[in-house]
1. Is it the case that segment 242-251 has a residue that's of a type in the set (A, V, I, L, M, F, W, C) and over 17 Å from residue 347 (Cβ atoms)?
2. Please determine, by comparing only the residues of segment 177-231 that are not in a helix (DSSP H, G or I) and not charged (D, E, K, R), which one is farthest from residue 254 (Cα to Cα).
3. Collect the residues in segment 44-94 that are closer than 30 Å to residue 359 by Cβ, in contact with an Asp or Glu (Cβ under 8 Å, 6 or more places away or on another chain) and modelled with pLDDT under 85, keeping them in residue-number order.
4. Out of segment 246-285, which residues are crowded, with 19+ Cβ neighbours inside 10 Å and among the basic types (Lys, Arg)?
5. Before we move on, is residue 127 at pLDDT below 80, of a type outside the set (Phe, Trp, Tyr) and surrounded by 12 or more Cβ atoms within 10 Å (Cβ to Cβ)?
6. Among (1) aliphatic (A, V, I, L, M); (2) closer than 30 Å to residue 79 by Cβ; (3) surrounded by 15 or more Cβ atoms within 10 Å (Cβ to Cβ), where does residue 207 come up short?
7. Mind listing just one residue for me: the one in segment 59-79 that is assigned to a helix (DSSP H, G or I) and touching a Lys or Arg at 6+ places or on another chain (Cβ under 9 Å) and, of those, nearest to residue 140 (Cα to Cα)?
Amino acid sequence: MSDWQTPGTSGAQPGAGRPGGAAHQPGQRPSAPWPVPGPPAPPPAGSRPVIPLRPLGLGDVLGGAFTVFRRNARVLLLWSVLLSGVLGLLATLVSTFGQQALQSRILSAADGGSGSDSIVAGSATLLIVLSVVLPFLAYLGRGFLVAPVAADTGQRVLGRRATFRGLWALLAGRRWSVVAWILLQLAAGVVIGVVFVLVFFGFIAALTAGDAGVWGFVLGFLGMFAGFGVLLVWLGTKFAFTVPTIALEGRSVFSAAAQSWRLTRGAFWRTFGIVLLVQAMFGFAVSIASFPLTVGSVLLSGTFDPLGQTDASSGVGVGGIVAVVVGSLLAIAVQCVADVLNASVVTLLTVDRRIRTEALDQRIASHLETGAPADPFAPGPQVSRPPWPPQPWAGPPVPPQQPWPGQPTPPPEWGGAPGRYPPDGRA
């Protein structure tokens with residue numbers, strides 16, 4: 001018996017009793033009785049993730065951020081204008097004209113007259129409030145903008161598109177955590193500022209008592225400023241992923257801060273370098289956009305107020321208002337785009353770190369294919385992964401050496417059950 005036969009068929013050819021089964025030829029293996037399943041069909045073009053499901057490089061992060069912005073620019077710009085543009089424009093106008101009007105009022109009241117002391121005190125208080133509250137609101141808006149951008153970026157990674165109301169719904173239960181984190185940052189900044197002032201005056205007192213020279217003061221001040229600058233940069237980088245973590249994972253404030261600390265462990269310089277590069281590029285774009293329009297607004301103000309006439313009570317002219325508003329529009333528009341791109345870059349860096357430490361790419365791929373887990377961005381355990389990129393491919397496995405012609409073929413070793421035929425067709 002030279003052909004392989006299925007036990008119990010007594011010479012029947014394999015596949016002869018099956019529809020479409022081909023007769024087995026000597027020296028060949030029987031064909032598979034069922035089709036071999038191929039790879040799953042790719043998702044439609046509109047639902048593909050904006051990033052490859054693997055650890056991300058710098059090009060992947062930047063390309064993904066621009067793709068996120070391009071595919072949902074209207075919604076993201078609306079969020080940015082409401083949270084960053086309007087507050088930024090109000091802060092610019094108030095800081096420019098409100099301070100000028102209050103200063104003129106203080107100077108006129110200081111010349112004398114009844115109630116001048118109360119006028120000066122009230123004006124000074126209002127000046128401080130305007131100088132602190134509006135920049136605080138602008139900072140709060142720009143900080144909160146990271147949350148909806150992070151939510152939209154997460155949906156884009158899953159191949160979905162979110163609307164304005166959809167992003168607001170995705171942040172349900174997470175908005176106050178974002179606000180609390182921003183307030184916590186401001187409180188930490190106040191504490192660091194108070195410590196800086198105390199160290200500054202203590203340093204001056206120490207140098208004065210030690211009769212230090214000019215170079216001693218200069219070097220001491222530079223060292224102190226550099227030390228506090230390094231501290232702020234280090235803390236800012238270690239906690240850079242806090243807001244995206246709140247928006248994507250739904251963690252509490254301190255849990256998200258601890259997660260950001262863990263994600264940046266071992267990747268501090270990479271995170272700092274990419275964030276610094278992106279902020280430098282966008283800051284340069286904002287400065288380039290604001291410079292020519294600022295010059296043009298100065299020339300345009302002559303059209304509205306050629307003689308430089310101003311209102312006597314406020315010291316604010318029509319030309320000045322037009323100059324500041326027009327000069328700020330393009331800069332604020334570019335700043336809105338830069339804020340969205342910057343928030344998307346930070347979110348993609350967060351996703352990249354979770355891919356490298358928690359195998360988030362496998363969870364996203366499973367979600368896209370089977371729908372499980374329902375929320376792939378939910379907190380997951382730490383996973384030890386091999387270093388990326390993988391080792392170079394060493395080629396196909398080397399087959400066993402075949403005997404040369406004329407050499408007798410040794411009998412095969414068959415370790416199957418007794419009474420069964422080996423799978424190579426030999427009896």
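The values are calculated or read from the model by the stated rules, or taken from the named source; none is laboratory data. Just so we're clear, the structure is a prediction, and the values are computed from it rather than from any experiment. Ideal geometry is used to build each Cβ from the backbone, glycine not excepted, and the neighbour counts take in all protein chains shown.
1. So the first thing to find is which residues in segment 242-251 are of a type in the set (A, V, I, L, M, F, W, C), and the list is 243, 246-248.
From the residues that got through so far, the ones that are over 17 Å from residue 347 (Cβ atoms) too are none.
There is no residue in segment 242-251 that is of a type in the set (A, V, I, L, M, F, W, C) and over 17 Å from residue 347 (Cβ atoms).
2. Taking segment 177-231 and keeping what is not in a helix (DSSP H, G or I), we get 210-213.
Then drop every residue that is not not charged (D, E, K, R), which leaves 210, 212-213.
Values: 210: 44, 212: 44, 213: 46 Å.
This residue is 213.
3. none
4. Once the filter is applied, which keeps residues that are crowded, with 19+ Cβ neighbours inside 10 Å and among the basic types (Lys, Arg), segment 246-285 yields only 251.
5. On the way: at pLDDT below 80: yes; of a type outside the set (Phe, Trp, Tyr): yes; surrounded by 12 or more Cβ atoms within 10 Å (Cβ to Cβ): yes.
Taking the combined requirement at face value, the residue satisfies it.
6. (2)
7. Filtering segment 59-79 for residues assigned to a helix (DSSP H, G or I) gives 59-71, 73-79.
This time we only want the ones that are touching a Lys or Arg at 6+ places or on another chain (Cβ under 9 Å), so: 60, 64, 67-68, 71, 75.
Details: 60: 29, 64: 26, 67: 26, 68: 23, 71: 26, 75: 20 Å.
Among those that are assigned to a helix (DSSP H, G or I) and touching a Lys or Arg at 6+ places or on another chain (Cβ under 9 Å), it is 75.
To keep it simple, each residue is scored yes or no on (1) closer than 19 Å to residue 149 by Cβ; (2) at pLDDT 95 or above; (3) part of a loop (DSSP other than H, G, I, E, B); (4) touching a Pro at 6+ places or on another chain (Cβ under 7 Å).
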site: 345; (1), (2), (3), (4): yes, yes, no, no
site: 349; (1), (2), (3), (4): yes, yes, no, no
site: 356; (1), (2), (3), (4): no, no, no, yes
site: 369; (1), (2), (3), (4): no, no, no, yes
site: 373; (1), (2), (3), (4): no, no, yes, no
site: 384; (1), (2), (3), (4): no, no, yes, no
site: 395; (1), (2), (3), (4): no, no, yes, no
